[in-house]
1. What is the packing order of peptides 379-392, 116-129, 199-212, 238-251, taking the mean over residues of other C-beta atoms within 10 Å and listing the highest first?
2. If you add up the charges near A314, with Lys and Arg at +1 and Asp and Glu at -1, over every other residue whose beta carbon is less than 13 angstrom from its beta carbon, what do you get?
3. Quickly work out the S358-to-N22 label distance, labels modelled 7 Å from Cα along the C-beta direction, and quote it in nm with one decimal.
4. Counting other beta carbons within 10 Å of each Cβ, put V292, V449 in order, fewest first.
5. By the scheme Lys and Arg +1, Asp and Glu -1, what is the net charge of all other residues having a beta-carbon under 9 Å from that of K40?
6. Given the pairs K197/K484; K347/K553; K40/K172; K40/K553; K383/K464; K383/K553, which span a C-alpha to C-alpha distance of over 32 angstrom in this model?
7. Quote the FRET efficiency, to the nearest 0.05, computed for Q339 versus T585 with a Förster distance R0 of 35 Å and r equal to the Cβ-Cβ distance.
8. Please get the size of the charge dipole for segment 12-334, origin at its Cα centre, with Cβ charges of +1 on Lys and Arg and -1 on Asp and Glu, quoted in debye to the nearest 20.
Amino acid sequence: MTSLDDRYSGQVPWWWEEVDPNRTGVSGDFAKEFKNETVKEPGVFAADHIPAEASLLVREAIQNSWDAARERYAETAQQQEGGSEPFAVRFRFREITDASRDSFCDQMGLIDLAERITEMRHTSGKNPRGDLGLSEQDCLTNLHDSQWLRVLHLVEEHGGGMDGPWQGGRSKLWRAMCSLGMTRETAGHGGSYGYGKAGLIRGSAIRTVFAYTCFREHPDDPGVTRRLLGMTYWGSHGLRGSDYTGTRWFGQPTRDGGRMPFANEDADEMARRLGIETRDSSQRAQLGTTLVVLDPTVTPDDVLRAAERHWWPALEDDDIDFSVSVVDESSADDERHPQPSRNPDLKPFIDSYERALSPPDVSPADSDRWRVHQLSPVPTFGKPGTLALIADGSDSDNWTLPDIGANGGANDGDSWEHRSLVALVRGPRMVVEYWDKRRASPYVRGTFVATPEVDDAFRATEPKAHDAWHDDWVSGDVPEEAAKLARTVLNAILRHVDRFRRDLKLTPPPNRELKMDVWDDLARMLDGAGRGGDPTPPPPAAPRYFSIQPGGKLAADPDGRVHYAGIATVGWNEDYLPQNADTVTVDVRVRFNFDGADRKEAVRAEMEVEAPSGFVEVDPGSGRFRGRIAVDESASFQYLSESYDPEWTGTLTVEADIAESAAATPGSGDEGL
């Protein structure tokens, strides 16, 4: 048998794709399509920031692998070969050093990449890195001086592999590595093979990734069970009189000069050269894919935290045999596994998830802290799912009724703000998003678990990152029926969140806190505080610089609740006109509070405020706006409160102050509702 080198003698496995005017042109820098992609970190999660590169890699890479595994499990179940298996993904961080490093760099084309950058710089007289989609520092910067090279392996066990014949768009490997925007998603799955490369590309500082995949033989792809392909994704560029897309292929040479994946024994041989453990398609545990990311931009710790935050439903579900681990071979640490149940920020969501999956007749002992709702059936879809909400019952560090600092965080020094959050979860058991709609206290957390009947519909509302359920069908991007389902469910979740928050808001204060003004005055007189002459006159009234008209009226909602809406106008008081209003900055604050037994017990409600042109909100969600008001004009602020039970009363407060003058006394206007 001839060796792989003999069969491809004189032909290097790497090939730069040239621009062909007879074909659709796509730049190899796919990462530019996703450069602004991030992963939302609302509320408490902002305090434990995870880099977007780690979250995107962990979310999409695992989801693509998990989808392929679930698809195979479904096939084997239909063939009565067994169902679910112990799916696992291992993130293995390696360092290649000494002589093996030099051989690896040569074989994997890193020397070619470094030399290409140097040649482009000398030819053009400028640094090409930005145009190629590269940062200023990576392993290519000092390739010949460095003693080591860092590599990340993503290794699946009991996966499904990326099967499909290498023709048309039928190959999952082709969709995962070579296409953009072309998907063939299977019902109930979460990922998109075309988009999944975004996390991989951003996870490599030099934009170079390999995939070695093992799968069962299929009738439409006879004789093939393993494939290996490598890709570099750079921006389009010119060199030596030729134009290149920026895509570089590592594979078997084809008759037309292009490349296709190495297959079977050739794939195994190339895998060994990459330091990848080879696979055997006859062994179920070895079915799956190994991805190799060169010069990773993510760290082991960030990967571990991202797996906890985004994949805890699958990790904690007793009905799913699903595991993730991280190995850093450059440290003395053993293989580490995510432990989301030990994360205090995730614990409320995990408890809510377990409660949502519990039988409906099981009632929690501390029921005052819980609300569990099986949402009403939706026409054409049936039961959409179960929502479980929880409030914090602890005596200290209570996140439901926290000690809010001046910046909106738990303390004055915090850079994050509290939120009521609901984890949205469907079939793949990845958190779609932590849905954030309420900024005012009290705060609740919870989890909504969708039923299998609506899984496909929810998937159809998700963007390419699978991180939201969109309810707008007017644009045509989301099917109308699916968008209406999302809107119905999200509105129901919001109603239940609001009702729970209202139940928590207005509790009577303890007897020791009740104020009885008449008896207090009488007691002071009996103590002598009221004897001896006339009472001290009140201080003179401070000037009121502003004239404020709160406006507004109460209106009923279709569901029986009410809201308060109107337009507040703020202008200068005729008795206190500034000499030059154009140089005076004004702060205007619009807020709505639910009244408690004591004014100090009032709880701030959600309020949407549309400020006039020239005014900017100082802190997001604060209701405080800064701008300027001309002497002969007024500023109008349109507002809308959250909906609430008509039994409650509230107060609208509009305040204005001169921002630069500490001596200025604000004008104000209150309306009791």
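Read-outs: derived from the displayed coordinates by stated rules, not from any lab. All figures in this text were calculated on a predicted structure; none of them were measured in a lab. Note: ideal-geometry Cβ built from the backbone for every residue, glycine included; neighbour counts use all protein chains shown.
1. In decreasing order of mean packing, 379-392, 116-129, 199-212, 238-251 become 199-212, 379-392, 238-251, 116-129.
2. -2
3. Label at N22, label at S358, 6.8 nm between them.
4. Working: V292 26, V449 22.
Sorted ascending by nearby Cβ count, the order is V449, V292.
5. So the surrounding residues net to -4.
6. The answer is K347/K553; K40/K553; K383/K553.
7. It comes to 0.10.
8. My answer is approximately 1060 debye.
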